[in-house]
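The structure follows.
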Amino acid sequence: MEIFIEEFPEMKIAYLRKTGDYADYEGIKETWMKLFEWEDEHEIPGALPGKPPVPIGLSHDDPEKVLPEKCRFDAGEWVHESVTESYGMPVQELPAGRYACAVHLGDYKKFAGTYGEIARWIKSNSISTRQGPYLQIYLDQPGEAPPDKLRTKLCIPVK
């Protein structure tokens, strides 16, 4: 697995929050479905010219330090800077910054293993982490690829 550093620009994220165990895959799926319904109803412009919004998950809490029922997950979309809460959805600014990333291939339920590999790589390369959510940037959507071929860029914020 290739692990690399990537610099992201500031991103405006329209999102829905789910609080609870990150292993509650059905609850997370329901949150995504509500977000996609909202996007379809409002014709939300994406941040990249001519492209739809990019689906991005934000995991705010370390499940080893925070009780599972208190873990915060945002199902979000990177939207155009013109999108505001007047569209009917909360919006947050994700500051620009560096991330250690790897492309996870396969089932979303196996993200923990890839995040573990990224964390070990960060430590072995003496890189410091920084505050901020872990990101999941969905390169494929269910239905576009078989479950074992889904690609998701997983990213940990670093200094």
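The values are calculated or read from the model by the stated rules, or taken from the named source; none is laboratory data. All figures in this text were calculated on a predicted structure; none of them were measured in a lab. Virtual Cβ from ideal backbone geometry, glycine too; neighbours counted across all protein chains shown.
Evaluate the following for Ala119: is it more than 28 Å from Gly50 (Cα to Cα), touching a residue at least 12 places away in the same chain (Cβ under 8 Å), surrounded by 12 or more Cβ atoms within 10 Å (Cβ to Cβ) and small (Gly, Ala, Ser)? Step through it out loud before you land on a result.
Values: more than 28 Å from Gly50 (Cα to Cα): yes; touching a residue at least 12 places away in the same chain (Cβ under 8 Å): yes; surrounded by 12 or more Cβ atoms within 10 Å (Cβ to Cβ): yes; small (Gly, Ala, Ser): yes.
Yes: the conditions hold for Ala119.
Write out, first by first residue and then by second, each pair whose Cβ atoms fall under 8 Å of each other, whose residues are 6+ apart or on separate chains, and whose first residue, in segment 18-35, is under 13 Å from Tyr108 (Cβ atoms) while the second is among the aliphatic types (A, V, I, L, M) and assigned to a helix (DSSP H, G or I).
Here the result reads Tyr22/Ile28, each pair linking segment 18-35 to a residue that is among the aliphatic types (A, V, I, L, M) and assigned to a helix (DSSP H, G or I).
Among the residues of segment 31-53, write down those that are acidic (Asp, Glu) and touching a strand residue (DSSP E or B) at 6+ places or on another chain (Cβ under 8 Å). Lay out the reasoning, then the answer.
Initial filter on segment 31-53 (acidic (Asp, Glu)): 37, 39-41, 43.
Selection gives Glu39 alone.
Now, a different point. I need the full set of residues from segment 76-92 which are among the hydroxyl-bearing types (Ser, Thr, Tyr), surrounded by fewer than 12 Cβ atoms within 10 Å (Cβ to Cβ) and in contact (Cβ under 8 Å) with a residue 12 or more places away in the chain, in order please.
Once the filter is applied, which keeps residues that are among the hydroxyl-bearing types (Ser, Thr, Tyr), surrounded by fewer than 12 Cβ atoms within 10 Å (Cβ to Cβ) and in contact (Cβ under 8 Å) with a residue 12 or more places away in the chain, segment 76-92 yields only Ser82.
I'm trying to understand the selection: among the residues of segment 23-32, which are surrounded by fewer than 16 Cβ atoms within 10 Å (Cβ to Cβ) and either touching a His at 6+ places or on another chain (Cβ under 7 Å) or assigned to a helix (DSSP H, G or I) (or both)?
Of everything in segment 23-32, those that are surrounded by fewer than 16 Cβ atoms within 10 Å (Cβ to Cβ) and either touching a His at 6+ places or on another chain (Cβ under 7 Å) or assigned to a helix (DSSP H, G or I) (or both) turn out to be Tyr25, Glu26, Gly27, Lys29, Glu30.
For segment 11-60, how many residues are modelled with pLDDT of 95 or more, farther than 20 Å from Leu139 by Cβ and among the aliphatic types (A, V, I, L, M)?
1
Ile137 - would you say it is aliphatic (A, V, I, L, M), within 22 Å of Phe4 (Cα to Cα) and assigned to a strand (DSSP E or B)? Let's see the steps before the verdict.
On the way: aliphatic (A, V, I, L, M): yes; within 22 Å of Phe4 (Cα to Cα): yes; assigned to a strand (DSSP E or B): yes.
Yes, satisfied.
Looking only at segment 71-82, decide whether some residue is more than 24 Å from Met11 (Cα to Cα) and over 18 Å from the mean Cα position of the chain (by Cα). Quick ask: steps written out before the conclusion?
Start the filter on segment 71-82 by keeping residues that are more than 24 Å from Met11 (Cα to Cα), which leaves none.
No, there is no match, as no residue in segment 71-82 is more than 24 Å from Met11 (Cα to Cα) and over 18 Å from the mean Cα position of the chain (by Cα).
Across segment 33-48, which residue is surrounded by the most Cβ atoms within 10 Å (Cβ to Cβ) among those that are in contact with a Leu (Cβ under 9 Å, 6 or more places away or on another chain) and farther than 14 Å from Ser86 by Cβ?
Here the residue is Leu35.
Oh, and also: Which one of the conditions (1) closer than 28 Å to Val158 by Cα; (2) modelled with pLDDT of 95 or more; (3) not basic (Lys, Arg) does Glu64 fail to meet, given that it meets all the rest?
Among (1) closer than 28 Å to Val158 by Cα; (2) modelled with pLDDT of 95 or more; (3) not basic (Lys, Arg), the lone unmet condition for Glu64 is (2).
Looking at Val103 and the list (1) in contact (Cβ under 8 Å) with a residue 60 or more places away in the chain; (2) under 14 Å from Cys155 (Cα atoms); (3) out of contact with any Leu (no Cβ under 8 Å at 6 or more places or on another chain); (4) surrounded by fewer than 17 Cβ atoms within 10 Å (Cβ to Cβ), which single condition is not satisfied?
Going through the list (1) in contact (Cβ under 8 Å) with a residue 60 or more places away in the chain; (2) under 14 Å from Cys155 (Cα atoms); (3) out of contact with any Leu (no Cβ under 8 Å at 6 or more places or on another chain); (4) surrounded by fewer than 17 Cβ atoms within 10 Å (Cβ to Cβ), Val103 breaks only (3).
Here's another thing I want to ask about it. List the strands (runs of 3 or more DSSP E) that sit entirely inside segment 41-98 and contain at least 2 residues that are acidic (Asp, Glu).
Numbers: elements: 54-59, 72-79, 91-94.
Hits in segment 41-98: 72-79.
While we're looking at this one, here's another question. Taking segment 2-28 as the region of interest, how many residues are out of contact with any helix residue (DSSP H, G or I) (no Cβ under 9 Å at 6 or more places or on another chain) and closer than 18 Å to Ala112 by Cα? Quick ask: steps written out before the conclusion?
First, pick out the residues of segment 2-28 that are out of contact with any helix residue (DSSP H, G or I) (no Cβ under 9 Å at 6 or more places or on another chain): 2, 4-13, 26-27.
Now narrow it down to the ones that are closer than 18 Å to Ala112 by Cα: 2, 4, 26-27.
The qualifying residues number 4.
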